[in-house]
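Here's the structure we're looking at; comments come further down.
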Amino acid sequence: MMNGFSLSLDGILGYHIRPNATLRHQPLLVQVTFASTVIMCLIGLVNGVCALMTFSDKKLLEVGCVYYLLASSVITLLSMMIFALKLWMVVGTQRGSIRNRSFLSVQCSSVDFLLRVCLNMDQWLSAYVAIDRAIMTAQGIGFDRRKSQMKAKY
């Protein structure tokens with residue numbers, strides 16, 4: 001589905017995938033896209049795991065913005081998994097491996113929706129971090145960490 005100014009993975013890659021052909025026998029564009037997506041997902045997963053380990057430290061959780069960063073790292077992990085799933089479904093559908101109509105109709109609406117929700121949630125969490133840090137800077141010494149922490153948990 002292509003709408004507005006965004007391009008979907010289906011619209012960009014779908015028409016180049018050869019049905020009933022292995023990945024080796026696909027056009028170079030499909031192979032490069034697949035390889036770059038796999039590399040991007042692996043880097044995103046490593047980044048998400050490292051961020052999750054970093055921001056789950058008890059000492060760091062004394063400040064409210066770290067809760068937002070912790071949630072953002074979880075959302076990043078989820079986004080990378082959904083994006084990898086989307087790529088596998090596009091390739092599987094175009095190759096003819098996935099033929100179940102009900103599965104295709106559900107995945108068409110749900111996977112794209114979940115990916116957009118995750119990306120938007122991550123942007124909102126980044127905005128919350130910026131707001132929390134701006135308040136911390138404006139209040140200076142009078143900044144109440146417990147109040148910030150309670151707002152972030154809420």
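Whole number in Å², please: accessible area per residue of the chain, 1.4 Å probe, ligands, DNA and RNA not counted. Intermediate results must be reported in sequence, preceding the final value.
Numbers: 10450 Å² over 154 residues.
Per residue, the chain has an accessible area of 68 Å².
Excluding residues on the same chain fewer than 8 positions from Lys147, give the aspartates and glutamates whose Cα lies under 14 Å from its Cα.
Candidates past the 8-residue exclusion: Glu62, Asp132.
For Lys86, go through the aspartates and glutamates and keep the ones whose alpha-carbon is under 18 Å away, minus same-chain ones fewer than eight residues off.
Filter leaves Asp10, Asp112.
For Lys153, list the lysines whose Cα falls under 30 Å from its own Cα; do not include residues on the same chain fewer than 8 positions away.
Result set, ordered by chain and number: Lys58, Lys59.
What value in Å³ per residue do you get for the convex hull of the alpha-carbon atoms in the chain?
135
Once the Cα atoms of helix 101-139 and of the chain are each reduced to a long axis, what angle between those two axes, in degrees from 0 to 90 to the nearest 10, is obtained?
Approximately 20 degrees, to the nearest ten.
So for each of 16-23, 34-41 I average, over its residues, the number of other beta carbons within 10 Å; can you give me the resulting order with the highest mean first?
On the way: 16-23: 12.2, 34-41: 14.0.
Result, highest mean Cβ count within 10 Å first: 34-41, 16-23.
Under a crude label model (7 Å from the Cα following the beta-carbon direction), how far is Phe143 from Ala127 in nanometres?
Simple spin-label model gives 2.1 nm for this pair.
What percent does the relative contact order of the stretch 9-89 come to when contacts are Cα pairs within less than 8 Å and at least six residues apart?
On the way: 46 pairs, mean separation 24.7, N = 81.
RCO, the stretch 9-89: 31 percent.
Please compute the contact order of the chain in relative form: average sequence separation of alpha-carbon pairs under 8 Å and at least six residues apart, divided by the residue count, as a percent. Present the calculation step by step, with values, prior to reporting the outcome.
Numbers: 134 pairs, mean separation 46.6, N = 154.
Rounded, it is 30 percent for the chain.
On the protein heavy atoms, probe 1.4 angstrom, tell me the percent of accessible surface of the stretch 75-144 carried by carbon and sulfur.
Working: 3010 of 4500 Å².
Roughly 67 percent of what the probe reaches on the stretch 75-144 is carbon or sulfur.
Relative to the longest principal axis of the C-alpha atoms of the chain, give the angle of the C-alpha long axis of helix 64-95, reported between 0 and 90° and rounded to the nearest 10°.
Taking the Cα atoms of the chain, the angle to 64-95 is about 0 degrees.
Report, to the nearest 10°, how far helix 28-55 tilts away from the longest principal axis of the Cα atoms in the chain, using its own Cα long axis and a range of 0 to 90°.
20
The values are calculated or read from the model by the stated rules, or taken from the named source; none is laboratory data. Remember, predicted model here, so these are calculated numbers, not experimental data. Cβ: placed from backbone, ideal geometry, glycine included. Neighbour counts: every protein chain shown. SASA here: full protein model, heavy atoms, side chains in, ligands and nucleic acids out. Shrake-Rupley method; radii C 1.70, N 1.55, O 1.52, S 1.80 Å.
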